[in-house]
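This report concerns only the one structure given below.
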Amino acid sequence: MEVKEKKVGLENEEYIINMGPQHPSTHGVLRLVVALKGEIVQRVEPHIGYIHRGIEKMCENLTYQQIIHLTDRMDYLSAHINNEAVCLAVENALEIEVPERVKYIRTIMSELTRIQSHQLFWATFGMDLGGLTCFFYGLRDREKILDIFEESCGGRMIVSYNTPGGLMNDIHPNFQNRVKEFLKYFRGVIHEYDDLLTGNVIFQERSKGMGVMTLEQAIAWGLTGPTGRASGFSCDIRKHNPYSAYDKVTFREILYTEGDVFHRYLARMEEMRESMNIIDQLIDNIPEGPYTAKMKPVIKLPEGEYFQSVETARGELGVYIVSDGNKNPFRVKFRSPNFVNLAPLNLMASGSKIADLVAIGGSLDLIIPDIDR
Amino acid sequence: MEFSIYDFSSFTAWIDQSLRASMSPGLAVAIEMLIIGVVILIFYAIVGLFLVYAERKVCALMQNRLGPNRVGPGGIFQTIADLVKLLFVELVPIKNADKILFSLAPYIVIIASFMAMGALPFAKGLHAIDLNIGVFYLMAVSSMGVVGVLLAGWASNNKYSLIGAMRSGAQIVSYELSVGMSLVTIVVLAGTMQLSEIVQAQQYGWFIFRGHIPALIAFVIFIVASTAETNRGPFDLAEAESELTAGFHTEYSGIRFAFFFLAEYINMFIVAAIATTVFFGGWMPFNVYGWEGFNKVMNLIPPFIWFLGKTGALIFLIMWFKWTFPRLRIDQLLTLEWKYFLPINIINVLIMALIVLLGWHW
Amino acid sequence: MKSVIEYFKGIYNGIKSLLVGMSVTGGYFIKPGTTLTQQYPDNRDTLVMFERFKGEVVMPHNEKNEHKCTGCGICEINCPNGTIEVISATEVTEEGKKKRIIDKHIYHLGMCTFCGLCVKTCPSQALAFSQEFEHAVFDRTKLTKVLNQPGSKLMKGVE
Amino acid sequence: MEKSQLYAAITAIVPEAVTAEGKQFPEVTVTPGNVRSVMGRLKEEPSLSFDILVCLTGMDYGTDLGVVYHLRSYTFNHMVVVKTRIPDRENPAIDSVCSIFPGAEFHEREVYDLLGIKFNDHPDLRRLFLESTWGYPLRKDYKDDVNIVLK
């Protein structure tokens, strides 16, 4: 792109800076072309595609089992949930009922994924705002969840644990104990998160009233996840279209009306607590049974179109599969939450300061591979 | 009652006399200056190296980490290894940079911090120069560094650097007021600007105790404002690495970067040393009126240990700020100064003047 | 008057929140025992990976240098990114029948995404994941590995 | 609202559309020229109020191109799929829905980038991921011998 700087007198001069592709606060290879006037952001233009891998194209030549490992690499912090989305779409298309045990385990894994994702959000958000210590506390606690994943799934971030019809392998015998241990530990330290950042006067001043999205705007732009719910947009797929074992648990959908950076942050903090409650309800009641339904080695979906939404840590992930009856899908589309949440960045950030742009970008919790796919 | 058994004035006087006895006065002064210069330079380097190590260790412990632990026992030689690395790093030439100003900027910053070092009283009689306007001199010299920062930002031909430098300019100009006003509060109480006399006046109690409430307020404002003045977190807007990558020193590498880096730590030492001198009795030991035995033990501890100990405690406080708080935004930074610190400070000076007038201090 | 009270209340609450934050970091500073740093290359001997950890694909051989791979190529079909290549050969058995055996089971570690489909779908459990995780090499060609050891044979009883 | 009622309501609002039965969601197939008006009506109708654009997918059916819209209602939590087919492969164009759903802006840029479908009245139609010289990779006849290796 050609970046032209207008040179018509000092007061009309735009100061264009390039945040990214390599920049500490863009969390990946996102490039923001920011037009400044002094410290004030005039407009932001996101440039994406630096790690576009063509996952949708690749999927057209892979079988449904093989697609799973690509979804891990989209939103790598919600790997379990991404896997689940494809699995659910395939299972719904084939009209397979997966065992109860699988549903419970998937739900617990999804919620653990959500907690670890929000922990990393807290860590990096603190770092974006200059509180470097947050980063280490967040990662310290996240490590414990990754260990749980590693023990059962064999991978830490890139888990590939779900497979159409069930799971790759059963949970490790230690799984329940470890999860309970973690919940006990994390309930003990989560107050540190609030002490260090939430209650901090500097943090509150930095985040309150910044990057406001009203309910109407949030709906119009289709913001989902904690970003949308902070604006009062009740968009929790777990609540509205429950999948897996979410219809068996009671939980609260975190809703705020302010829609600013602080409430996006708060929504994530509260979601961590809600996720712990969900796990509490399930962890002792995992039914016995097989860990996978009976599946044919080659899955062929009947001709048709299938759409499945799940709630990842960042919002609604939609999987749209068009099948022509072959073992490979005809077309796969991932409606990724980050892609949609990034779109109104200009609307949120123009008129604020550079520091606010960083805070707003941080509060969207963007994962760039998910945007680019 | 003699408080300190350690007096360096006779020692320095002896050096002066023996030099003057053997050579012409002009040469003697020149040699004295050389000695002082070398001593301060060595001290400067040691303090710099130690503080870098201390900062890394402190932040590591606060963050549940170990910190440097590979080079030498407990990693104590880590900063020396870093220094050697920085010395060998290529000085990357910047396209379209203003070459002269670009190379000059780090020296201005480092000279400013170097000059401030000269006036600090480390112990009785142990200072390079005892100006009768010591406080004034320290303030004037320590605010010179901003010129270097501005030059660095301008000459780098980098947009981030320029924003960082402008932020730094606005920040230091504002906070210089608070630093000055809070020092004035104590000058009112002490009745002098000479650092040695300020320390001497605290013989029977540090000013933070003697001036009670106004002195305490002045101290809090001083420590916050001076953190801002040294460009340290939570006021590190000039470098704000999550916004401006590295701010004004984005384009610097090698030894020039090392100068900025070192100057930041030395400035931290200097502001902590000023706070020690002005509020905590400088090199004066901690004495409680009436506890003779306790006071005697305290007096045995050498004054420079007292001085460095107090300074170290304040430096730790500044580090503690940095590793706990998120960064402020530029408008909040200025709001804090102009809406909170400055009004409070002005009233505080008035209260202090009233207290001194009425004799309500200890 | 109310705004004056608000002003001082704001100052008080602000300072209090800052002190609460400092108590957290200060608390960890005085408790150095809570550090979690693993001194990695030093603790290599005691470092135990989880048994399911997906380090790299290996083909376990028994002490008689026998493996279980029949050379059917299901792992190759199932691999999403062409990591596995099975080069088979034919062998004439004692009964005079022709039988397919593997010549080389090639595994490109550099391309592997550790999805686990080869290990899961192998009909004779010939493949497994090892817990080896130190994969760094100076030459990329070293990442291409032949999984069956030279001179190895098919285990008796595996079809 | 029951599924059959929803079908009926949608047919009432969009009489020119073909509604397919027996699918996961009610489906409406419209001509490219009608897309904007149909979407507008689906959004404005208070008994349906499809006000969230969940997903906008560009399709290549082999012979012709197409765009698929997934709409959801915030109030009623039901979904509808709006489909359209563009027979012109050389110079495909369709009306943009950015004026109805601002969130469509990025979706439409993505479709333009990967399938080459132009959106009329789009505020800022540029390629999103790829360079301007790149082909349209999601088309079925796209060839790239360097990057796509099929076994």
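The values are calculated or read from the model by the stated rules, or taken from the named source; none is laboratory data. All values reported here derive from a predicted model rather than from experimental measurement. Cβ placement follows ideal geometry from the backbone for every residue including glycine, while neighbour counts extend to all protein chains displayed.
Every condition in (1) in a loop (DSSP other than H, G, I, E, B); (2) crowded, with 19+ Cβ neighbours inside 10 Å holds for residue B:248 except the one numbered (1).
Taken over segment B:116-142, residues that are part of a helix (DSSP H, G or I) and surrounded by fewer than 18 Cβ atoms within 10 Å (Cβ to Cβ) amount to 3. A search for C-beta distances below 8 Å between a residue of segment A:288-314 that is over 29 Å from residue D:54 (Cβ atoms) and away from chain D (no Cβ under 14 Å) and any residue that is part of a strand (DSSP E or B) and not charged (D, E, K, R), counting only pairs 6+ apart in sequence or on different chains, returns A:290/A:166; A:291/A:166; A:291/A:167; A:292/A:163; A:292/A:166; A:292/A:167. From the list D:95, D:124, the one residue that fits, being among the charged types (D, E, K, R) and in contact (Cβ under 8 Å) with a residue 60 or more places away in the chain, is D:95.
Return the residues of segment A:16-31 that are more than 20 Å from residue A:75 (Cβ to Cβ) and surrounded by 16 or more Cβ atoms within 10 Å (Cβ to Cβ); say none if nothing qualifies. It would help to see each step written out before you state the result.
So in segment A:16-31, the residues more than 20 Å from residue A:75 (Cβ to Cβ) come out as A:16-19, A:22-24.
If the condition is that a residue be more than 20 Å from residue A:75 (Cβ to Cβ) and surrounded by 16 or more Cβ atoms within 10 Å (Cβ to Cβ), then A:16, A:17, A:19, A:23, A:24 are the ones that fit.
Just so you know, in segment B:184-214 the residues that are surrounded by 24 or more Cβ atoms within 10 Å (Cβ to Cβ) and in a helix (DSSP H, G or I) include one that is modelled with the lowest pLDDT, and it is B:207.
Looking across segment D:72-94, the residues that are under 30 Å from residue A:231 (Cα atoms), aliphatic (A, V, I, L, M) and over 10 Å from the mean Cα position of the chain (by Cα) come down to D:79, D:80. Could you say whether any residue in segment A:304-324 is assigned to a loop (DSSP other than H, G, I, E, B), surrounded by fewer than 23 Cβ atoms within 10 Å (Cβ to Cβ) and more than 14 Å from the chain's Cα centre (by Cα)? Taking every residue of segment A:304-324 in turn, at least one turns out to be assigned to a loop (DSSP other than H, G, I, E, B), surrounded by fewer than 23 Cβ atoms within 10 Å (Cβ to Cβ) and more than 14 Å from the chain's Cα centre (by Cα). The listed residues are C:57, C:48, and the only one of them that is modelled with pLDDT of 85 or more and within 13 Å of another protein chain (Cβ to nearest Cβ) turns out to be C:57.
Does residue A:170 satisfy being among the charged types (D, E, K, R) and within 21 Å of residue C:53 (Cα to Cα)?
On the way: among the charged types (D, E, K, R): yes; within 21 Å of residue C:53 (Cα to Cα): yes.
The answer is yes for residue A:170.
Residues in segment B:292-302: is at least one of a type outside the set (A, V, I, L, M) and at positive phi? For segment B:292-302, residues of a type outside the set (A, V, I, L, M) and at positive phi: absent. The set of residues in segment C:61-82 being closer than 16 Å to residue C:112 by Cα and either touching a residue at least 60 places away in the same chain (Cβ under 8 Å) or of a type in the set (D, E, K, R) (or both) consists of C:76 alone. Would you please name the residue that is farthest from the other protein chains (Cβ to nearest Cβ), looking only at residues in segment C:125-153 that are over 18 Å from the mean Cα position of the chain (by Cα) and modelled with pLDDT under 85? The extreme case among them is C:151. Taking the criterion of being more than 16 Å from residue A:208 (Cβ to Cβ) and among the polar types (S, T, N, Q), the only residue of segment B:322-336 that qualifies is B:324.
Scanning segment A:149-176 for residues that are assigned to a helix (DSSP H, G or I) and within 10 Å of chain C (Cβ to nearest Cβ), we see that the one that is nearest to residue A:112 (Cα to Cα) is A:149. The number of residues in segment A:37-65 being surrounded by fewer than 19 Cβ atoms within 10 Å (Cβ to Cβ) and assigned to a strand (DSSP E or B) comes to 6. Restricting attention to segment B:173-182 and to residues that are aliphatic (A, V, I, L, M) and surrounded by fewer than 23 Cβ atoms within 10 Å (Cβ to Cβ), the residue that is farthest from residue B:207 (Cα to Cα) turns out to be B:173.
Entry remark, segment B:47-102: residues being free of Cβ contacts under 8 Å to residues at least 12 places away in the same chain, within 14 Å of chain A (Cβ to nearest Cβ) and either of a type in the set (Phe, Trp, Tyr) or not in a loop (DSSP other than H, G, I, E, B) (or both) number 2 in total. For segment B:143-183, the set of residues classified as under 15 Å from the mean Cα position of the chain (by Cα) and either outside any helix (DSSP H, G or I) or within 14 Å of chain A (Cβ to nearest Cβ) (or both) consists of B:143, B:144, listed by residue number.
Counted as qualifying within segment B:271-356 are the helices (runs of 4 or more DSSP H) with 3 or more residues that are within 17 Å of the chain's Cα centre (by Cα), namely B:303-322.
For every residue, the table says whether it meets (1) away from every other protein chain (no Cβ under 14 Å); (2) under 30 Å from residue B:209 (Cβ atoms); (3) modelled with pLDDT of 85 or more; (4) surrounded by fewer than 23 Cβ atoms within 10 Å (Cβ to Cβ).
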residue	(1), (2), (3), (4)
B:225	yes, yes, yes, no
B:229	yes, yes, no, no
B:238	no, no, no, no
B:253	yes, no, no, yes
B:270	yes, yes, yes, no
B:273	yes, yes, yes, no
B:276	yes, yes, yes, no
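Across segment A:335-348, the qualifying residues are those that are within 9 Å of another protein chain (Cβ to nearest Cβ) and either charged (D, E, K, R) or outside any helix (DSSP H, G or I) (or both), and the one among them that is nearest to the chain's Cα centre (by Cα) is A:335. The residues of segment A:205-262 that are in a helix (DSSP H, G or I), surrounded by fewer than 17 Cβ atoms within 10 Å (Cβ to Cβ), away from chain D (no Cβ under 14 Å) and touching a residue at least 12 places away in the same chain (Cβ under 8 Å) amount to a single one, A:248.
What residue, of A:88, A:112, is part of a helix (DSSP H, G or I), within 16 Å of the chain's Cα centre (by Cα) and away from chain B (no Cβ under 14 Å)? Result of the check over A:88, A:112: A:112.
Quick one: how many residues across segment D:115-139 are hydrophobic (A, V, I, L, M, F, W, C) and at the interface with chain A (Cβ under 8 Å from one of its Cβ atoms)?
Here is the first cut: in segment D:115-139, the ones hydrophobic (A, V, I, L, M, F, W, C) are D:115, D:117, D:119, D:125, D:128-130, D:134, D:138.
The next check asks that each one be at the interface with chain A (Cβ under 8 Å from one of its Cβ atoms); those that pass are D:128-130, D:138.
Count: 4.
The sole residue among A:53, A:43, A:106, A:101 that is within 12 Å of another protein chain (Cβ to nearest Cβ), over 30 Å from residue B:168 (Cα atoms) and in contact (Cβ under 8 Å) with a residue 40 or more places away in the chain is A:53.
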